[in-house]
Amino acid sequence: MTDAPPAFELLPGADASPVVLHVPHAARRVPPEVRAGLVLDDDALARELDHLTDAHTDTLAEAAAGLAAVPPWRFVNRLSRLVTDPERFPDEREEMTAAGMGAVYTRTTHGDMLRPAGTDPEPLLERYFRPYARAMTEAVADRLAATGRAVIIDVHSYPTARLPYELHGAGPRPPVCLGTDAFHTPPGLLAAARAAFAGCGGTGLDSPFGGTYVPLEFYGRRAEVGALMVEIRRDTYMTEPGGPAGAGLTRLAKALAGLVDAVSG
């Protein structure tokens, strides 16, 4: 038995809802046994967490779920992405491995060493990454079984100024970036998102971050699984880096709830 908080949680919504709000990067918690493998001192680790954490996106998703006419399901990571990043491919398909930020990060946002050279990622993948992937797969399969479809809305945020680790950060940085996938993002889902966030300062497409998260069991195979990534520029709702949320969070929660309602029917 353990009293440790859960590594992730599936928070139920309405039985009739096809929507899963996925919140992978909101947490700062690093378990002690994982902390022991990081070379940063406590101050440097706190700064890195400020840069990497999508602060308050769990609060945003919770508020949106409370406002939605048909409450969505929420799948929330309760561990920092410095433990493992559940949104990365765990193999050679992951382009961020070139920046030392694959499924298990070895470098920081600024390219400094995070874990010692030669660190074996397998124990972390087995302990954290794969159980998360299985649970998210089951959550999506459950929505498919219940409603005949699933809509994954990935809730992220990103810094106003480009960080060195960004491979595609030279392009536009709109208030709301919508990340898409050619197979899993149908035109209606994208149009609904553009309409929902129109009053939040404007939207852009796949810049500075593109793509969506879909469990590998369904990826490129099941068109009934729709997916969209919502990347919110942090200056629109919080003090950077790592500071408190502001009034913008309420406006964004209403917009996200509007998107949920638009795709729930």
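Among the residues of the stretch 158-193, write down those that are over 17 Å from the mean Cα position of the chain (by Cα), of a type in the set (D, E, K, R) and crowded, with 16+ Cβ neighbours inside 10 Å.
ARG173
Looking at the stretch 49-67, which of its residues are open to solvent by less than 10 Å² (accessible area, probe 1.4 Å) and more than 14 Å from the chain's Cα centre (by Cα)?
ALA64
Select from the stretch 194-205 the residues that are buried (at least 21 other Cβ atoms within 10 Å of the Cβ) and in a loop (DSSP other than H, G, I, E, B) and list them in ascending order.
Selection gives PHE197 alone.
Per-residue answers, yes or no, for (1) touching a strand residue (DSSP E or B) at 6+ places or on another chain (Cβ under 8 Å); (2) acidic (Asp, Glu):
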| residue | (1), (2) |
| --- | --- |
| LEU52 | no, no |
| ALA55 | yes, no |
| ASN77 | yes, no |
| ASP85 | yes, yes |
| ALA98 | no, no |
| ARG115 | yes, no |
| GLU122 | no, yes |
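To keep it simple, each residue is scored yes or no on (1) touching a Cys at 6+ places or on another chain (Cβ under 7 Å); (2) at pLDDT 95 or above; (3) more than 19 Å from GLU231 (Cα to Cα).
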| residue | (1), (2), (3) |
| --- | --- |
| PRO18 | no, yes, yes |
| VAL30 | no, yes, yes |
| LEU40 | no, yes, yes |
| ASP50 | no, yes, no |
| GLU62 | no, yes, no |
| PHE75 | no, yes, no |
| GLY100 | no, no, yes |
| ARG115 | no, yes, yes |
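Quick test of your reading of the structure: PRO208 fulfils all but one of (1) open to solvent by 10 Å² or more (accessible area, probe 1.4 Å); (2) in a loop (DSSP other than H, G, I, E, B); (3) over 26 Å from SER17 (Cα atoms). Name the failing condition by number.
(1)
Restricting attention to the stretch 106-156, and to residues there that are touching a helix residue (DSSP H, G or I) at 6+ places or on another chain (Cβ under 9 Å), assigned to a strand (DSSP E or B) and among the hydrophobic types (A, V, I, L, M, F, W, C), which single residue is farthest from ALA26 (Cα to Cα)?
Only one residue fits best here, namely ALA150.
If I ask for residues that are more than 14 Å from VAL263 (Cβ to Cβ) and open to solvent by less than 60 Å² (accessible area, probe 1.4 Å), which ones from the stretch 213-228 would you list?
TYR213, VAL214, PRO215, PHE218, GLY220
Could you check how many residues of the stretch 31-62 are assigned to a helix (DSSP H, G or I), charged (D, E, K, R) and farther than 30 Å from ALA150 by Cβ?
7
So, in the stretch 63-105, exactly how many residues are over 17 Å from ARG127 (Cβ atoms) and in a loop (DSSP other than H, G, I, E, B)?
12
The values are calculated or read from the model by the stated rules, or taken from the named source; none is laboratory data. Worth saying up front: this structure is predicted, and the values here are computed from it rather than measured. For neighbour counting, all protein chains shown are included, and Cβ atoms are generated from backbone atoms with ideal geometry for every residue, glycine included. Calculation scope for accessible area: heavy atoms of the full protein, side chains included, ligands and nucleic acids excluded. Shrake-Rupley method; radii C 1.70, N 1.55, O 1.52, S 1.80 Å.
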